[in-house]
1. Restricting attention to segment 148-167, and to residues there that are of a type in the set (S, T, N, Q) and either modelled with pLDDT of 90 or more or out of contact with any helix residue (DSSP H, G or I) (no Cβ under 8 Å at 6 or more places or on another chain) (or both), which single residue is most open to solvent (accessible area, probe 1.4 Å)?
2. Suppose we keep only residues that are over 18 Å from Val87 (Cα atoms) and touching a helix residue (DSSP H, G or I) at 6+ places or on another chain (Cβ under 6 Å) within segment 37-58. Which one would you say is least open to solvent (accessible area, probe 1.4 Å)?
3. Taking segment 59-73 as the search range and keeping residues that are hydroxyl-bearing (Ser, Thr, Tyr) and open to solvent by 60 Å² or more (accessible area, probe 1.4 Å), which one is modelled with the highest pLDDT?
4. Identify the residue in segment 107-147 that is over 21 Å from Ser24 (Cα atoms) and free of Cβ contacts under 8 Å to residues at least 60 places away in the same chain and, among all such residues, is surrounded by the fewest Cβ atoms within 10 Å (Cβ to Cβ).
5. List, please: which pairs have Cβ atoms under 6 Å, are six or more places apart or on different chains, and start with a residue in segment 6-19 that is over 18 Å from Gly99 (Cβ atoms) and end with one that is among the acidic types (Asp, Glu) and outside any loop (DSSP other than H, G, I, E, B)?
6. Look through segment 1-27, keep the residues that are in a helix (DSSP H, G or I) and in contact with a strand residue (DSSP E or B) (Cβ under 6 Å, 6 or more places away or on another chain), and return whichever of them is most open to solvent (accessible area, probe 1.4 Å).
7. In segment 168-203, which residues are more than 20 Å from Lys215 (Cβ to Cβ), open to solvent by 20 Å² or more (accessible area, probe 1.4 Å) and among the hydrophobic types (A, V, I, L, M, F, W, C)?
8. Do the conditions hold for Gln31, that is, is it at pLDDT 95 or above and either of a type outside the set (A, V, I, L, M) or open to solvent by 70 Å² or more (accessible area, probe 1.4 Å) (or both)?
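The values are calculated or read from the model by the stated rules, or taken from the named source; none is laboratory data. Quantities reported herein were computed from a predicted structural model and do not represent experimental measurements. Cβ: placed from backbone, ideal geometry, glycine included. Neighbour counts: every protein chain shown. Side chains included, ligands, DNA and RNA excluded: accessible areas come from the protein's heavy atoms. Shrake-Rupley method; radii C 1.70, N 1.55, O 1.52, S 1.80 Å.
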Amino acid sequence: MTEKDFSISVIMPVYKVSGYIGRSIESLMAQTYKNFEIILVDDCGGDDSIEKAISMLNTHGYIYNNNVVTNETGSYKIVTNSRNQGVSLSRQNGMMASGGEYVIHLDSDDYFEPDLLERLISLAKASSSDLLICNFFKERPSGSSKIETSTMGYPLISDKDKTEYVKEMLRGERPSALWNKLIKRELFDRAEIPFDSNLRDDLSASPLLVLNAKKVDFVSNALVHYVLYNSN
């Protein structure tokens, strides 16, 4: 047994999603790109969400990773908050436990398209971008709609372009969510970007990530399903 270096860490805070987490976990197990770890952060929701996730992963050959990785289907870690801390600090706790070169956050009632990780990591390597943003679907009881993340049609490199994109985020014209963004870990470290529990988790991090990225690139495919009908 040897320790393995993962290309991507998928960080998922878990809180009161018993009816939804199965679909989220299935979307990770179906990924065409396999060199990633799953970090589940139990935020003390009091239901069986985390148990459902663990059962699914174990049943499909995923191995609990206590700093040792085997050659099985995949690997996951469990981070248990001492109490309910909210999504921002749960993401931060997940970051501290993760080891991937890149990080992406997934809410446990949302789900990925099977080729999300493969498309994003391929473009990240090809374009030397440290922040990748993809389009996504808004899922409502009445149906889904595709949301565009950029109409610029080119990577963001200049300070002017990145600043304008952040202004669009703050005006609500562009999504600030973290679950459609593949982020190079070095970007978090270089810019010393924290998660602020007093701010919405995405607005405490996403604008700073964009401003501090050397290059921001976009994937036109809608690869994330953002679920809007979970009342919890």
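1. Filtering segment 148-167 for residues that are of a type in the set (S, T, N, Q) and either modelled with pLDDT of 90 or more or out of contact with any helix residue (DSSP H, G or I) (no Cβ under 8 Å at 6 or more places or on another chain) (or both), the one most open to solvent (accessible area, probe 1.4 Å) comes out as Thr151.
2. Filtering first and then ranking leaves Met56.
3. Initial filter on segment 59-73 (hydroxyl-bearing (Ser, Thr, Tyr)): 59, 62, 64, 70, 73.
Filter once more, keeping what is open to solvent by 60 Å² or more (accessible area, probe 1.4 Å): 59, 64, 73.
Working: Thr59: 92, Tyr64: 87, Thr73: 67.
This residue is Thr59.
4. Looking at residues that are over 21 Å from Ser24 (Cα atoms) and free of Cβ contacts under 8 Å to residues at least 60 places away in the same chain, I get Ala126.
5. Val14/Asp42
6. By that ranking, first place goes to Arg23.
7. Selection gives Leu170, Leu199, Leu203.
8. Answer is yes for this residue.
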